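The numbers here are math on the coordinates, done by the rules we state, and not lab data. Nothing here was measured: the structure is a model prediction, and the numbers come from that model. Cβ placement follows ideal geometry from the backbone for every residue including glycine, while neighbour counts extend to all protein chains displayed.
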Amino acid sequence: MEFLIVTGLSGAGKSRAADVLEDLDYYCVDNMPVALIPRFAEFCAATGGRFEKVALVTDVREKENFGELLTTLDKLRESEITCRILYMDADVPVLIRRYKESRRPHPLAGKGVSMEAAIRKEMDLLAPVKERADFVVNTGRLTLGQLQSKLCGLLCGEGGKRGIDVTVLSFGYKYGLPAEADLVFDARFLPNPYYVDELREKTGLDLPVKEYVFSFQQTRTFLEQLEAMLEFLFPLYVEEGKLSLTVAIGCTGGRHRSVAVAAALNDHFLARGISSVNVNRDIDK
C-alpha cells in the first residue's frame, strides 16, 4: 500500500493536487488530523487491498499537532507502508495574489500580522517538512493541466505518463447531438445501408452492414484519417490535463453507418493499447 502525504504552503495548491490525485486513482482525504494518520493507515492496511493508493492532505490548519507530522511519518516508514511526502510550494508574491483573489484569511494571519508575515512564518514552520519531502512542486507558473502533467510524471511511473480514457459514441442526428461529446464527426456523407432492403432492419454491428459500409473507399479513407488525427490529439489533451475524451460519430438515425465506424474506431484503439469503450446511443431507436 502507498501513502502519499500532501502538505505545503497554504494557497500553494494542495486541494488542486488532491483533485488530480483522485483522477490518478488515489483515495484522497483532506485536512486529515496528524494524530489520526497512523490509525487510518492501519485501517487501510486491514482492508486487504481495497485502498492501494491513499493521499492525505494535512497542513498548518492542524496548528498544535502539525509538529508531530515528521514523527508520525517515521513510524509509518518503519512499517510495511510506502509513505512519501508531496510538498506544494509557491513564492510569496504568488501566494499573496491568490489570497487577495480568494478573499480568504491566511490560517496564521491575525490582528497586527500582515499577509506576508503570516506566509513567511508558515514557511519557517514547514521548513523541516520541505527538507524531508520526496517531491516539491512549485505551482507559481503552472496551469491546472501542467500540474496534472507534473504529478503524473512524478507518481505514475513507467515514463510518467497516463493515457486517456476514450469513449467512442455513435448517435443519430435526428435525435440530437450528444451533450457529453468532446469531438463530433459526421458520417452522413457515406452510402446509407438503410436504402438496401436486406440491410434496413440490421445495425452497424451486423457483419453484412459492416461489409457494406466498408466496401466503399471513402469509408476506409475516413476511418484512416480519423485514426491518425485522434492519435495525434490524445497526448496533447493529456498534456492539458484532460484524462477522458468522448468521440462522437453521427449518422442520420444512429443505427448503421455511425455504429459501424464507431465500432471499427474503438477496435483500432484497443488494438493500440488505448483505453476505449464503444457506446451506441441510438441503435435501438
Taking the alpha-carbon distance from Lys75 and a cut-off under 23 Å, which lysines remain once sequence neighbours fewer than 8 residues away in the same chain are dropped?
Lys53, Lys63, Lys130
Post the alpha-carbon centroid distance, region 240-285 to region 120-159, in whole angstrom.
37
Please give the length that would be gained between Glu180 and Arg16 if that part of the chain were fully extended, namely 0.36 nm times their separation in residues minus their C-alpha to C-alpha distance (nm, one decimal).
56.7 nm
Hey, got a sec? Which GluC sites (Glu not before Pro) in region 148-222 land in a DSSP loop and have at most 12 other Cβ atoms within 10 Å?
Glu180, Glu201
Once fully extended, how much extra length lies between Phe214 and Val92, figured as 0.36 nm per residue of separation less the alpha-carbon to alpha-carbon distance?
37.9 nm
So how much slack lies between Glu240 and Met115, counting 0.36 nm per residue of separation and subtracting their Cα-Cα distance, in nm?
41.8 nm
Kirkwood hydrodynamic radius for the chain: how many Å is it when counted over pairs of different Cα atoms?
22.3
Within the chain, excluding any chymotrypsin sites (Phe, Trp or Tyr not before Pro) found in a DSSP loop (not H, G, I, E or B) and having at most 13 other Cβ atoms within 10 Å, the longest uninterrupted segment runs 1-188
Against the empirical 2.2 N^0.38 Å scaling, what ratio does the C-alpha Rg of region 1-61 come to?
1.09
Where does the chain land at 222 nm, in deg cm²/dmol rounded to the nearest 500, when only DSSP H runs of n ≥ 4 count, each adding -39500 (n - 2.57), divided by all residues?
-13000 deg cm²/dmol
Any idea what the relative contact order of the chain is, in percent, if you count C-alpha pairs under 8 Å spaced at least 6 apart?
20
Holding the Cα-Cα limit at 25 Å, pick out from Lys150/Lys242; Lys242/Lys285; Lys14/Lys100 the pairs that are longer than that.
Lys242/Lys285
Please state the shape class of region 2-160: rounded when a/c is under 1.5, otherwise prolate if a/b exceeds b/c and oblate if not, all from the C-alpha gyration tensor.
oblate
